[in-house]
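Scroll down for the structure; my scribbles are underneath it.
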Amino acid sequence: MVADTATTDAASADSAVAAPRAPAGLQLRAWAARRAEAAVIPLGALALGLGLFSLFLASLGKSPAAFLDLVYRGGFGSSFALQNSLQRAAPLLFAALCVALPARLGLVVIGGEGAIVLGGLAAAAVATPLSGAPGGLGIALMALAALLTGALWLGAVGALRAWRGVNETIASLLMSYIAIALANHLIEGWLRDPASLNKPSTRTLDEAFRVGPLPGLEVHWGLAVGLVACLLAWVLTERTTLGFAARIAGGNVRAAQIQGLPVGRLITGFTALGGALAALAGFFEVAAVHGNANGSLVAGYGYTGILIAFLARQNPLAIPPVAFLLGGIEASSGLIQRRLHVPDATILVLEGLLFLLVLMGETLYGRFKVFSPHLWGDKQAAAGLKPSGAPAP
Amino acid sequence: MAHHSISRRTLLGGTAVLGLSALSARGALAAGPMTVGVIYVGPKDDYGYNQAHAKGAAALKGLPGIEVVEEENVRETTDVQKTMESMINMDGASLILPTSFGYFDPHVLIEAKKNPKVQFRHCGGLWTEANPKNAGSYFGYIAQGQYLNGIVAAHATKSKKLGFVAAKPIPQVLNNINGFLMGARSVDPAITCQVIFTGEWSLAVKEAEATNALIDGGADVITCHVDSPKVTVETAARRGAFVCGYHADQSALAKDKYLTGAEWDWAPIYKGFVTGMQAGKAPPNFLRGGLADGFVKMSAYGPAVSEAARRNADAVKAEMMKGGFAIIRGPLKDNKGNEIAAAGKGLPENAPELESTGYLVEGVRGSA
Amino acid sequence: MSGLDLPGDLGLWSVLLAVIGGAIRVSTPFLFVSLGETITERSGRINLGLEGTLVFGAMSAYATAVLTGSAWAGVAVAGLAGGLFGLLHGWICRLPRVNDVALGIALMLFGSGLAFFFGKAFIQPSAPQLPAIPFGNWSDLAQVRAALQINVLFLIGAALSVFLWWALRNTRIGLVVRIVGDSTDAARAMGYDVDRVRLLATGAGGVLAGIGGAYLSLYYPGSWNEGISSGQGLMAVALVVFARWNPLACFGAALLFGGAGALGPALQSVGVSQGYYLFYAAPYVLTLGVLIATSSPNHALAGAPGELGQAK
């Protein structure tokens, strides 16, 4: 299954190539217009979604005003609420990158959950023999174990795709289920701490191996590392030849091969990198949250990550705001459940509705003249962005 | 109920620091209105574990001065930490009841340290002296209920084979399996019990498959220990097997195939917690009890339970009500042939050894 | 001999019997969802959201059966609701630049959310169940009789897979769907309304997924709760690739998947009690194994509709 991101990518690649020809001032204004469009349309969709959802609530006899107030207070309105949202966003950054990186090659990888779980397990597994080692060394080796495990697990999916033609979507999903079974087997078998009675777990980490919160915050370091990872992933995909090669291969394998690009190695490398990053989420769950590996590692972050990556249009820099938004909605979920006396599923309905509308908003890009780079002086970029240039699938 | 405390919530604003100072000024153990936060890992109407707790919480709602706030489907990750903090900071909860096993370590422990004025009582977790004093754990000797289930099952079975659908081989589950078979063997020592582990606390299709596999293997009375027994109970009844319930009353699901069931009764326990706190007394840190203490009760007998079975079960129940009843009684071996208890020895309900059971008794087919 | 003391007698045969019984019991939702997705993907679109449709189908079927007392009314409503979800997906995907995969994921969330929301009231009541036909009465083994209790929907699904296999090759509608799926340009040149065909194909896919959900809640496991599907819809969509977009192969894949799922409990019941997590992973391992064995870099994508972008 190949997403049609390739078409939009190709379009933006054109514009990226074309842009430098325009004078600098105009280019900046055109850039700003495009960025404004990319902010206004999804925000408009969100506003519409909140409006529709308010109608839904009103029809159930619940106050929409109270609801909006609770979303704000639960997810964004105070230091506690903000930290709650950021905390929830942290693992999602990695999970979304695991989808977004292979998407550069036109691949749809949906098995990040398995890499998260195995990454966490690998980190916990190496921590036991390392017990007593200096904290920094222990943490570094745990992270390394997670990275390698995730890279191997999803890199295998990429390799199967590249050299055996195995569909990466189904293979990664199957591998995810297998990973979870394997992790459960080991957590309740060989790696089980005999002292973990009613909650089977691996041995608890040395205190020195624990990853703490960010200075002045209650959110763990996973957030900062995740943000850096998003930035680096953006540099990789947008500013390096490797990223450029990946995009070409994602657009047209045959053309890439004719140009002599190592398509197989690109596919394997990008899926492996995605797996490694997902596994890092597992590492932080173990080192910063649980203190050991247990069944709670299977928390569904991998699946939420798919959604975030697609909403971010596979752009690594768009992942943090989307993840933060989702984290905020989830953070307010409990408060809404308690105060409005509505089922927990209410928030699922809201999320589904918001995402439907945001995705529908995609169709509006290029429809509003005010955002047209052309209007702001960049003719070539405008040509690259014309919706008619990208036929609907 | 939702409205009268809005001004207080507004005052508390939301930041952790402000919330804490407001709480300490109020004094968590003082008399007067208090808020109880109850957290469930699944849906609270699951005909099982969560429903039993929700019923206990519901019993608090009518009490004067008590507000109950609840959240369901809360994951055993930082999510539950944030839920607890939110209940404390935004709702002013002074007693938190996180009801799932996986909430305790590290989540309850972290929050208990962070919020020393708030009381945390966790269902199932093994609180020790080393843990914060404002935390604690409570649980019930529900294996007693499974023992009585076993007695009734023994009178109903024709194949002399019982079936048990279990989630994971942890001590609390193993005690129930052992209790079920020991109860049955107290009636007929020839009875055996097949156990199938599903590996997950809630997974409908696997539970249905396990039930079918047990019945195909000849079992004609089924019970279970998963979060929601609904699927197991309905599947077994549809196949024509008898059912013993667990966690909550499932008689409506199996009609005349329902024999009896081991149920939690958290209402008196939770009431005790809050009335104690209203009187300025923190709930106990380590609380256990069985049938005699009102933690556990039995479903009403179904129509298929014979008069002899009722008399037998009622007599043993009367024995249990005296306290100190030993399900594990020597001479007894586990199903690998190792001795568990020598002749004349026994483990009464409150024996600490039972908190770390790692075996299945002789006659159980399956491995711990 | 009645079948009451049999595990010893049947021994390992009981495992085989359980696998056959399990294949029949568990496969139906996989079959319906994958057949539905086959129709959709054959027309050139991916609807990854059928998990949400499956769950909503399960809820709406159960709720309808509770309220009307008729299980078949439940099936009808589930199919209708599923069709609406499919049409919604198809309609939104007509808009330029909307990504069908992403939209499917959003619909998965939306469908499950609505199902859980409206389903709260129906977790507790019991619904009438769909009937099964006893095909095993010839046997005096209780296990055989139980394994051959076959639900009508399974039979319909089996017949449907043969029919779709035939119809896609031999009927005009089948041909149109395939042309639209293989090349938008060619289809347009031949005067077909591509968006309309895809809309209807996605709607039809939704109907089948909804009915698959009805099987879950009204027959097996025959109960409504929030964990009733736990990912079966997503897996079934993935099985379409495995089945190479061939309805007959979907039937095989669903049977294989269902049968392998019965292996874990059955092995435990004959005393193989170690490593059950690994046995429970059997369906996934087996599917992956077959997938790797049957793929090849050269003709890996045989059967893939061109417009799915598989060839890129």
Flag if A:Met175 is touching a Phe, Trp or Tyr at 6+ places or on another chain (Cβ under 7 Å), more than 11 Å from every other protein chain (Cβ to nearest Cβ) and either buried (at least 24 other Cβ atoms within 10 Å of the Cβ) or among the charged types (D, E, K, R) (or both): no
Meets criteria (over 24 Å from A:Ala81 (Cα atoms) and part of a helix (DSSP H, G or I)) for A:Gly250: yes
Considering region B:254-270, residues that are surrounded by 24 or more Cβ atoms within 10 Å (Cβ to Cβ) and either under 14 Å from the mean Cα position of the chain (by Cα) or at pLDDT below 95 (or both), and then whichever is nearest to C:Ile123 (Cα to Cα), we arrive at B:Ala254
>> Being surrounded by fewer than 22 Cβ atoms within 10 Å (Cβ to Cβ) and among the aliphatic types (A, V, I, L, M) is the requirement here; does C:Met235 meet it?
In response: no
Subset of region B:165-195, residues closer than 15 Å to B:Glu362 by Cβ and within 14 Å of chain C (Cβ to nearest Cβ), comes to B:Leu174, B:Ile177, B:Ala190, B:Ile191, B:Thr192, B:Cys193, B:Gln194, B:Val195
(message) Given the criteria of a type in the set (Val, Ile, Thr), within 27 Å of C:Tyr276 (Cβ to Cβ) and over 12 Å from the mean Cα position of the chain (by Cα), does B:Ile170 qualify?
(response) yes
Only one of (1) within 23 Å of A:Ser172 (Cα to Cα); (2) part of a loop (DSSP other than H, G, I, E, B) does not apply to A:Ala146, and that is (2)
Filter region B:242-253 for residues that are within 11 Å of chain C (Cβ to nearest Cβ) and of a type in the set (A, V, I, L, M, F, W, C); the one that is surrounded by the fewest Cβ atoms within 10 Å (Cβ to Cβ) is B:Ala252
The condition of being among the aliphatic types (A, V, I, L, M) and touching a helix residue (DSSP H, G or I) at 6+ places or on another chain (Cβ under 6 Å) holds, among B:Leu162, B:Leu97, B:Leu109, B:Leu174, only for B:Leu162
Of the residues in region B:273-309, those that are surrounded by fewer than 16 Cβ atoms within 10 Å (Cβ to Cβ), at pLDDT 95 or above and assigned to a helix (DSSP H, G or I) come to B:Glu307, B:Ala308
Flagged in region C:110-167 as without any contact (Cβ under 8 Å) to a residue 12 or more places away in the chain, at the interface with another protein chain (Cβ under 8 Å from one of its Cβ atoms) and of a type in the set (S, T, N, Q), in numbering order, are C:Gln124
Only one of (1) within 14 Å of chain B (Cβ to nearest Cβ); (2) touching a residue at least 12 places away in the same chain (Cβ under 8 Å); (3) assigned to a loop (DSSP other than H, G, I, E, B) does not apply to C:Trp245, and that is (1)
Any hit, region A:277-300, residues being surrounded by fewer than 24 Cβ atoms within 10 Å (Cβ to Cβ) and over 30 Å from A:Pro129 (Cβ atoms): yes
Among residues of region A:63-85 being at the interface with chain B (Cβ under 9 Å from one of its Cβ atoms) and part of a loop (DSSP other than H, G, I, E, B), the residue surrounded by the fewest Cβ atoms within 10 Å (Cβ to Cβ) is A:Gly77
Restricting region B:212-240 to residues that are buried (at least 24 other Cβ atoms within 10 Å of the Cβ) and small (Gly, Ala, Ser), the one farthest from the other protein chains (Cβ to nearest Cβ) turns out to be B:Ala236
Scanning region C:190-239 residue by residue, those in a helix (DSSP H, G or I) and without any contact (Cβ under 8 Å) to a residue 12 or more places away in the chain turn out to be C:Arg196, C:Ala238
Given the conditions (1) in a helix (DSSP H, G or I); (2) modelled with pLDDT under 95; (3) farther than 26 Å from A:Glu362 by Cα, every one holds for A:Tyr303 apart from (3)
For region B:171-201, the count of residues that are of a type in the set (Ser, Thr, Tyr) and surrounded by fewer than 24 Cβ atoms within 10 Å (Cβ to Cβ) equals 2
**C:Leu80 vs. criteria more than 19 Å from the chain's Cα centre (by Cα), more than 11 Å from every other protein chain (Cβ to nearest Cβ) and modelled with pLDDT of 95 or more** = no
Of the candidates C:Tyr277, C:Tyr215, C:Tyr219, the one satisfying the condition of being among the aromatic types (Phe, Trp, Tyr) and facing another protein chain (nearest Cβ under 7 Å) is C:Tyr277
Going through region C:59-74 in order, the residues found to be surrounded by fewer than 24 Cβ atoms within 10 Å (Cβ to Cβ), in a helix (DSSP H, G or I) and in contact (Cβ under 8 Å) with a residue 40 or more places away in the chain are C:Ala63, C:Val66, C:Ala71, C:Trp72
Counting only residues that are facing chain C (nearest Cβ under 7 Å), part of a helix (DSSP H, G or I) and either within 17 Å of A:Val108 (Cβ to Cβ) or aromatic (Phe, Trp, Tyr) (or both), region A:152-172 contains a total of 5
Within region B:30-47, can one find any residue that is more than 15 Å from the chain's Cα centre (by Cα), surrounded by fewer than 18 Cβ atoms within 10 Å (Cβ to Cβ) and at pLDDT 95 or above? no
Sole miss for B:Thr260 among (1) polar (S, T, N, Q); (2) closer than 21 Å to B:Leu148 by Cβ; (3) part of a helix (DSSP H, G or I) is condition (3)
Is it the case that region C:51-58 has a residue that's free of Cβ contacts under 8 Å to residues at least 12 places away in the same chain and away from chain A (no Cβ under 14 Å)? no
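The values are calculated or read from the model by the stated rules, or taken from the named source; none is laboratory data. What you see is a predicted model, and the numbers here were worked out from it, not measured in a lab. Because the Cβ atoms are built from the backbone with ideal geometry, glycine has one as well, and the counts that use them run over all protein chains shown.
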